[in-house]
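Just so it is clear, none of the values below were taken in a lab; they were calculated from the coordinates. The structure presented is a predicted model; accordingly, all values stated were derived computationally and were not measured. In this analysis, Cβ positions are derived from the backbone assuming ideal geometry, glycine residues included, and neighbour counts consider all displayed protein chains.
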Amino acid sequence: MATEKPESLITDGVRLDGRSAEEMRPLKIIAGYLDKAEGSAYVECGGTKVIAACYGPREVHPRHLTLTTETLVRARYDMASFSVEGERKRPGPDRRSTEISKVVSEALTSAVFVEKYPKTAIDVFIEVISAEASTRVAGLTAASIALADAGIAMRDLVAACSFGKIYGKEGGREVETVAVDMGKSEDNFGLADVALGYLPNLRKIVLLQMDGHLTVDEFRKGLPMGVSTCESIYQQQLKALKAKFKQY
Ligand code: ADP
């Protein structure tokens, strides 16, 4: 269902859903969400809802992908056919999900002590059950908790968020504003959208992708906003993991 382009995405500092530019949507994180996976997580960010399940370290199939000195961290991102409004999404992999699976796998690989598990594979399945923008970063945040929940040795967790640029009005004048955590209409009609994956303790960026255009100054403004959002996501990831393991 096509929604109409709003006249302004941010008016006098207030976004369509009432947030300020620096504010993310309500975030809910559950570690150990699934009974049957070795590690799992549920992440909800506004209307975006994602489940991640981790298996491994285990034998690599197909065998020829085996790495002799390290584990192969493989993420598979999928959007459920019922995850989008209106027309159902065509089920199965496509170019977009293949690309997201690749960049998420690379980001997770940076966080895992891969040399601890040579000749094995660690598989993480990411299922988007409700897609309202910024699904790849929610998926990455969930996947990293699923790995930790499975007891995989990690250098750090990956916390991920989006930031970008939206158009709006300030005192009736037209403005362009840098903001974090793109919502649905901001993703559809916004001017730029950056996906950021961050290792909070190592202070290292492991995912950075941009749709649209930001000037260097806008990027310099947005990046610290994104990093600070990742830092607060990280605190919630820790809280979720502690809550899960408190029961043992
Ligand atoms: P991200 O979800 O990481 O922001 P994109 O920018 O590619 O990735 O997608 C933005 C949004 O577009 C998604 O969150 C989802 O709401 C919507 N979308 C993506 N692919 C489809 C699709 N095949 N059908 C319907 N909506 C889609």
Open item on the list: I'd like the full set of residues that are more than 16 Å from the ligand (Cβ to nearest atom) and without any contact (Cβ under 8 Å) to a residue 60 or more places away in the chain, limited to segment 171-195.
Closed with: 172, 173, 174, 176
TODO: Please state which of the following conditions residue 198 fails to meet, knowing it meets all the rest: (1) within 21 Å of residue 49 (Cα to Cα); (2) outside any helix (DSSP H, G or I); (3) in contact (Cβ under 8 Å) with a residue 60 or more places away in the chain; (4) away from the ligand (no atom under 11 Å from the Cβ).
DONE: (3)
Open item on the list: Quick check on segment 222-241. Is at least one of its residues closer than 15 Å to residue 103 by Cβ and touching a residue at least 60 places away in the same chain (Cβ under 8 Å)?
Closed with: no
Task: In segment 134-166, residue nearest to the ligand (Cβ to nearest atom) [restricted to those that are in a helix (DSSP H, G or I), under 18 Å from residue 30 (Cβ atoms) and not small (Gly, Ala, Ser)] - done: 135
Task: Candidate set: segment 82-98, residues that are near the ligand (Cβ under 9 Å from one of its atoms) and of a type outside the set (Lys, Arg); chosen: the one nearest to residue 143 (Cα to Cα) - done: 97
TODO: Inspect segment 175-195 for any residue being of a type in the set (Lys, Arg), over 16 Å from residue 230 (Cα atoms) and out of contact with any Gly (no Cβ under 9 Å at 6 or more places or on another chain) and give the result as yes or no.
DONE: no
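Can you name every residue in segment 57-79 that is of a type in the set (D, E, K, R) and either more than 16 Å from the ligand (Cβ to nearest atom) or assigned to a loop (DSSP other than H, G, I, E, B) (or both)?
Once the filter is applied, which keeps residues that are of a type in the set (D, E, K, R) and either more than 16 Å from the ligand (Cβ to nearest atom) or assigned to a loop (DSSP other than H, G, I, E, B) (or both), segment 57-79 yields 58, 59, 63, 70, 74.
Return yes or no: is residue 108 within 16 Å of the ligand (Cβ to nearest atom), under 20 Å from residue 65 (Cβ atoms), buried (at least 24 other Cβ atoms within 10 Å of the Cβ) and not hydroxyl-bearing (Ser, Thr, Tyr)?
yes
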